[in-house]
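The values are calculated or read from the model by the stated rules, or taken from the named source; none is laboratory data. Since the structure is predicted, the reported quantities are computational estimates derived from the model, not experimental observations. Note: ideal-geometry Cβ built from the backbone for every residue, glycine included; neighbour counts use all protein chains shown. Just so you know, the surface numbers come from the protein's heavy atoms only, side chains and all, with ligands and any DNA or RNA stripped out. Shrake-Rupley method; radii C 1.70, N 1.55, O 1.52, S 1.80 Å.
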Amino acid sequence: MSVTVRVPTILRSYTAGAAEVTASGATVVEVLESLEGRFPGIRDRITDEDGEIRRFVNVYLGDEDIRFAEGVRTAVTQGAVMSVIPAVAGGSEAAQLPCCR
């Protein structure tokens, strides 16, 4: 299956700056293996040592978070769009503004 993978800015050093790349596979783990074959080192930024998605990385197939499906074993269909999104953490500066206290 051919899949479009949206790559976050932080991982684009692996894809020569490309925001979207193509990969193949019938499951998310196969797509990640395909990515690794083309862009060595990228998979280790997305998965942990057990092959599961890292805690602070989100992976979506279309609009569905794969954590609520079958994780890395989630089936991928031809033409799907897979988005890798790093989690954003931190506090709000708005609480420090005079208007928001």
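So here's what we get for this one:
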{"item": "Charge dipole magnitude, Cβ of K and R +1, D and E -1 - the chain, Cα centre, debye nearest 20", "result": "340 debye"}
{"item": "Qualifying chymotrypsin sites (Phe, Trp or Tyr not before Pro) for the stretch 1-77 [loop in DSSP, other Cβ within 10 Å: at most 10]", "result": "Phe56"}
{"item": "DSSP-loop GluC sites (Glu not before Pro) across the stretch 1-56, with at most 11 other Cβ within 10 angstrom", "result": "Glu49"}
{"item": "Percent of beta bridges antiparallel (DSSP, the chain, rounded to nearest 5)", "result": "80 percent"}
{"item": "Inter-probe distance in nm under a simple model that places probes 7 Å from Cα toward Cβ, at Glu70 and Ala19", "result": "3.2 nm"}
{"item": "The chain, helix-only ellipticity at 222 nm - DSSP H runs n ≥ 4, -39,500 (n - 2.57), divided by all residues, nearest 500", "result": "-4000 deg cm²/dmol"}
{"item": "Net length gained if the chain between Thr77 and Arg45 were fully extended (0.36 nm per residue, minus Cα distance)", "result": "9.2 nm"}
{"item": "The stretch 1-92 shape via C-alpha gyration tensor axes, a/c threshold 1.5", "result": "rounded"}
{"item": "Heavy-atom accessible area per residue - the chain, 1.4 Å, Å²", "result": "63 Å²"}
{"item": "With every protein chain in place, the chain: carbon and sulfur % of accessible area (1.4 Å)", "result": "51 percent"}
